[in-house]
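The values are calculated or read from the model by the stated rules, or taken from the named source; none is laboratory data. Keep in mind that this is a model prediction, so the values were computed, not measured. As a convention, Cβ positions derive from the backbone with ideal geometry for all residues, glycine included, and neighbour counts pool all protein chains shown.
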Amino acid sequence: MKKVIMFLAVSLLATGLPAMAAGPTQIGHDEKCTKECQMLIKNCGQEADSIQQKISLLQKEINKGTAAYSNEELNLLELKLHDAQQTLANLTVGS
């Protein structure tokens, strides 16, 4: 279980790092990345959210709607929520 959680944490970092490494030419993309990083990553080196916590956090952020996020960002959050729910379902099969 710890391996799965660490894999999820590393994959979240891996999706954000290429955008940050692109440099100052992609200012709009950096702003999106910053929002996502603030929402999903808290002191990742020392703490990883459980899948249930991730699902709860994603649902909370999606509920903020277009007041906080663009439609594109909301679609991305919904995809991440769906992935987290599928991961949880796969882990709990047979439990």
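Considering each of 87, 66 in turn, give the residue that is in a helix (DSSP H, G or I), surrounded by fewer than 12 Cβ atoms within 10 Å (Cβ to Cβ) and either free of Cβ contacts under 8 Å to residues at least 60 places away in the same chain or out of contact with any Leu (no Cβ under 6 Å at 6 or more places or on another chain) (or both).
Within the list 87, 66, the selection yields 66.
Does the stretch 78-95 hold any residues that are at pLDDT 95 or above and hydrophobic (A, V, I, L, M, F, W, C), and which are they?
Correct list: 79, 81.
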